[in-house]
Amino acid sequence: VAEECVAIAERAGDPALLSDSCNRLAITIQLEDASSARILFNRSLGLATDIGDAVRWVRCLNNLGILELIENNWDEARSVLRAAVDESRTAGLTEWWGRASLNSGVLAARIGDYDAAAEYLGEALQLCAAVQNSELQLYETYNLAHLERARGRTRAAGETYELVMALAQRIGQAEVEYGARAGFGLCELASGSISSARSAAALVEPFLESRQ
């Protein structure tokens, strides 16, 4: 369907529609064909640049940054996401600024730059609270919990995972809820609370089995 959308947009000669269609097709194939997805993202970026559309440009930069994260291309991901942060900040695109900061925080955490990760994720949390985007707040808090656990701050991580579970239940994000339960269980295990860790695992296991 995404391929058909690109073909229709090409026939229509609408650069905005074609930019959106290339971006969408790239997302659908990025896990199986990263090189083709990268070409499509760059095509979408070029079209957005030609028509001067900052929202489309920043959105595509975010997606390209995620692709480079998936591919473990740290330098490329950092460069793209930094451009997304700078452009969205300059254009006053608060939500997209928050998304770019979130992705930058995930990148920093993956390469072990925990101070930068905390700064980016904290910034993202404030930005998305300002636009009242509950879903993004959930993802940011979830990644903050992972960050605290990676830094060995198991108590703070456990408390943050509990916040994530409550918010995920409220907005219906089951995958994140049970991911947080698993993270909470790991925190309990690290702190020596074996029975609590077992309880967390027992809650997560049926959910995982239902997804197989």
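The values are calculated or read from the model by the stated rules, or taken from the named source; none is laboratory data. If you're wondering where the values come from, they're calculated on a predicted model, not measured in any experiment. Note: ideal-geometry Cβ built from the backbone for every residue, glycine included; neighbour counts use all protein chains shown. In case anyone asks, the SASA skips ligands and DNA or RNA and just uses the protein heavy atoms, side chains included. Shrake-Rupley method; radii C 1.70, N 1.55, O 1.52, S 1.80 Å.
So which residues in region 29-46 are touching a Cys at 6+ places or on another chain (Cβ under 7 Å) and hydrophobic (A, V, I, L, M, F, W, C), if there are any at all?
Step one: list which residues in region 29-46 are touching a Cys at 6+ places or on another chain (Cβ under 7 Å), which gives 40-41, 43-45.
If the condition is that a residue be touching a Cys at 6+ places or on another chain (Cβ under 7 Å) and hydrophobic (A, V, I, L, M, F, W, C), then L40, F41, L45 are the ones that fit.
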Does G185 meet the test of being over 18 Å from N103 (Cβ atoms) and buried (at least 17 other Cβ atoms within 10 Å of the Cβ)? yes
Looking only at region 65-79, filter to residues that are of a type in the set (D, E) and without any contact (Cβ under 8 Å) to a residue 24 or more places away in the chain; which one of those is least open to solvent (accessible area, probe 1.4 Å)? E68
Counting only residues that are farther than 17 Å from Q169 by Cβ and touching a Phe, Trp or Tyr at 6+ places or on another chain (Cβ under 9 Å), which one in region 197-210 is surrounded by the fewest Cβ atoms within 10 Å (Cβ to Cβ)? L208
Going through region 31-49 one residue at a time, which ones are loosely packed, with under 14 Cβ neighbours inside 10 Å and within 17 Å of A91 (Cβ to Cβ)? none
Criterion first (open to solvent by 30 Å² or more (accessible area, probe 1.4 Å), of a type outside the set (D, E, K, R) and out of contact with any helix residue (DSSP H, G or I) (no Cβ under 7 Å at 6 or more places or on another chain)) does I194 satisfy it? yes
Taking the stated definitions as given, is E87 modelled with pLDDT under 95 and under 14 Å from the mean Cα position of the chain (by Cα)? no
Tally up the residues in region 102-153 that are modelled with pLDDT of 95 or more, in contact with a Lys or Arg (Cβ under 7 Å, 6 or more places away or on another chain) and of a type in the set (A, V, I, L, M, F, W, C), please. 1
Only one of (1) part of a helix (DSSP H, G or I); (2) free of Cβ contacts under 8 Å to residues at least 12 places away in the same chain is not met by G192, so which one is it? (1)
Scan region 159-167 and tell me whether some residue there is acidic (D, E) and open to solvent by less than 60 Å² (accessible area, probe 1.4 Å). no
